[in-house]
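S.K.: Below is one structure. I have some questions about it.
The values are calculated or read from the model by the stated rules, or taken from the named source; none is laboratory data. Because the structure is predicted, anything quoted here is derived from the model rather than measured. Reconstructed Cβ throughout: ideal geometry from the backbone, glycine too, with neighbour counts over all protein chains shown.
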Amino acid sequence: MNSYETVFIFTPVLSDQQMKEAVQKFTDLLRQEGAEIVNEEDWGLRMLAYPIEKKTTGFYQLVEYNAEPSVIEKLEVNLRRDERVIRFLTIRQDKFAREYAEKRRRLKSQKKEEPVTTHEEERN
């Protein structure tokens, strides 16, 4: 099994519920094909670098997973057929990309666990 990450951009006209359903559709497809989902991140609504289909924003979603190479073709065919998806990109992670992704996830989880302190508390 190889490690992959796919970033897809959904059209900005979707509601939160519609976006979650679309993400669920693709993660379910990956699981049905035997892929192991490692991480999912919702990057939210962001500006596009250039207009796509007359849209200047889109909902970004990242999914990291371990899968066989044959799964990627099935996923990408479904992404191309779905009109809610503006763009997508799948990359195979090498060992350095996997290490970086693990480090990024660790740092992100540590930030969530740290208590919020005010400047007054830091001075005392």
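S.K.: Quick check on the range 1-47: of everything there that is more than 13 Å from F88 (Cβ to Cβ) and among the small types (G, A, S), which residue is nearest to the chain's Cα centre (by Cα)?
M.R.: This residue is G44.
S.K.: Looking at the range 61-82 only, could you name the residues that are farther than 18 Å from V38 by Cβ and either in contact (Cβ under 8 Å) with a residue 40 or more places away in the chain or buried (at least 17 other Cβ atoms within 10 Å of the Cβ) (or both)?
M.R.: The answer is K74, N78, L79, D82.
S.K.: Just checking, which of E5, E53, E76 is of a type in the set (D, E, K, R) and either touching a His at 6+ places or on another chain (Cβ under 8 Å) or within 23 Å of S109 (Cβ to Cβ) (or both)?
M.R.: E5
S.K.: Any idea which of L48, L62 is in contact with a Gly (Cβ under 8 Å, 6 or more places away or on another chain) and modelled with pLDDT under 95?
M.R.: On inspection, the qualifying residue turns out to be L48.
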